[in-house]
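Scroll down for the structure; my scribbles are underneath it.
The values are calculated or read from the model by the stated rules, or taken from the named source; none is laboratory data. Everything numeric here is computed off the predicted structure, so don't read it as measured data. Positions of Cβ are generated from backbone atoms using ideal geometry, with glycine treated the same way; all protein chains shown enter the neighbour counts. To get the accessible areas, we keep the full protein, side chains included, count just its heavy atoms, and leave off ligands, DNA and RNA. Shrake-Rupley method; radii C 1.70, N 1.55, O 1.52, S 1.80 Å.
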Amino acid sequence: MHCSEVFAEVAAEMIQLHGGMAITWNHPAHRYFKRAHSTSQLFGAPHHHLSRVHP
């Protein structure tokens with residue numbers, strides 16, 4: 001749960017750090033950003049899993 005949350009946060013920060021270049025095809029940052037969001041959709045959002053553990 002924590003890894004998924006941090007992965008999305010770090011990917012978003014990487015986009016901010018590299019500015020507009022990070023969302024172009026010249027830099028691989030866009031792949032990590034898309035992968036972070038797709039894994040959240042595939043496996044469920046972190047808050048969903050946390051609510052199942054701590055009702």
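Each peptide in 43-49, 30-36 was scored by the mean count of other Cβ atoms within 10 Å over its residues; highest first, the order is 30-36, 43-49.
Here residue 42 sits with roughly 130 square angstrom of accessible surface, probe radius 1.4 Å. Using a probe radius of 1.4 angstrom, the carbon and sulfur fraction of the accessible surface of the chain is 63%. Let me know the shape class of the chain, please: from the alpha-carbon gyration tensor, a ≥ b ≥ c as square roots of the eigenvalues, rounded when a/c is under 1.5, otherwise prolate if a/b is greater than b/c, or oblate. In terms of gyration-tensor shape, prolate. Converting phi to 3J(HN,Hα) with the Karplus coefficients 6.51, -1.76 and 1.60 and the offset θ = phi - 60°, region 26-37 yields 7, 9, x, 4, 5, 5, 5, 4, 5, 5, 4, 6 Hz in sequence order, with x at every glycine or proline. Output the relative contact order of the chain, whole-number percent, from Cα pairs under 8 angstrom with separation of 6+ residues. Computed value for the chain: 40 percent relative contact order. Across region 38-51, coupling constants 3J(HN,Hα) worked out from phi with the 6.51/-1.76/1.60 Karplus curve, θ = phi - 60°, read 5, 5, 5, 6, 6, 9, x, 5, x, 5, 5, 5, 5, 5 Hz, and Gly and Pro carry x. Accessible area per residue for the chain is 81 Å², calculated with a 1.4 Å probe on protein heavy atoms, without ligands, DNA or RNA.
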